[in-house]
Amino acid sequence: GKRAEEFIDYMPIVREYLKQAAIITNSTCALVQHIDDEWIYIEKEEPLIPFRVTINIGQRFKINSGATGKLFVAYMDYTMQQKIIEELGLKALTNKTITEKMEFEKELQKIRNQGYSISFEEHYEGIDGIAVPIFDRNGQVQMAITSILVHKSNAQEEYKDKAEKLKELARELSEKIFI
């Protein structure tokens, strides 16, 4: 009950930050939480543009899928990462999904180093993603902001710029709701 009460208290703040995220990325953005071996959309903001990706609150995905899943796994300790890889595997969801263990581990290290995750059609064809962590006061990832974008070729630099802006937004949000 106490956790639910805390969640309700900070949702108005989260909604304002999701609106800012949607403006920064010009895409659908969501607050995501890691639960067991899945991640779940718990709030969203969709931009007022003609073409956008629509998601459903409550929609769940395996923890090792897409930019969001990679982000959560990247911030787990090594033992937990290995457990996820062994138990869930690295199944190809598209022909761009990382399925080789060494390549996946290298990607996880890159994510931790840069502080965000980007995927290009790894989860769904035609869909790209950017995810940034929301940390609690102990430095643990509690949630993430994820941006779901219609795929664009040659968007690496554009997405890196958006990811850096989202990372700063998530840092501010972390401070407001957890510290």
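Listing for the model above:
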item	result
Residue pairs meeting the criteria (Cβ under 8 Å; at least 6 apart or on separate chains; first farther than 14 Å from Glu164 by Cα, in segment 107-130; second among the hydroxyl-bearing types (Ser, Thr, Tyr) and open to solvent by 10 Å² or more (accessible area, probe 1.4 Å))	Glu121/Thr94; Glu122/Thr94; Glu122/Thr97; His123/Thr94; His123/Thr97; Tyr124/Thr94; Glu125/Thr94
Per-region count, segment 51-93, residues surrounded by fewer than 15 Cβ atoms within 10 Å (Cβ to Cβ), part of a loop (DSSP other than H, G, I, E, B) and of a type outside the set (Lys, Arg)	9
Looking only at segment 138-179, and only at residues there that are of a type in the set (A, V, I, L, M) and in a strand (DSSP E or B), the one that is modelled with the lowest pLDDT	Val150
Counted residues, segment 33-42 - those being within 14 Å of the chain's Cα centre (by Cα) and either crowded, with 24+ Cβ neighbours inside 10 Å or more than 16 Å from Pro133 (Cα to Cα) (or both)	1
Residue under evaluation Lys152, criteria (1) in contact with an Asp or Glu (Cβ under 8 Å, 6 or more places away or on another chain); (2) crowded, with 19+ Cβ neighbours inside 10 Å; (3) not polar (S, T, N, Q), criterion not met	(2)
Residue match in segment 86-106 (condition: of a type in the set (A, V, I, L, M), within 26 Å of Ser174 (Cβ to Cβ) and in contact (Cβ under 8 Å) with a residue 24 or more places away in the chain)	no
Residue match in segment 100-122 (condition: assigned to a helix (DSSP H, G or I), crowded, with 19+ Cβ neighbours inside 10 Å and among the polar types (S, T, N, Q))	no
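The values are calculated or read from the model by the stated rules, or taken from the named source; none is laboratory data. Predicted, not measured: the structure shown is a model, and the values here were computed from it. When we count neighbours, we look across all protein chains shown, and the Cβ atoms used for this are built from the backbone with ideal geometry, even at glycine. Surface accessibility is based on the protein's heavy atoms, side chains included, excluding ligands, DNA and RNA. Shrake-Rupley method; radii C 1.70, N 1.55, O 1.52, S 1.80 Å.
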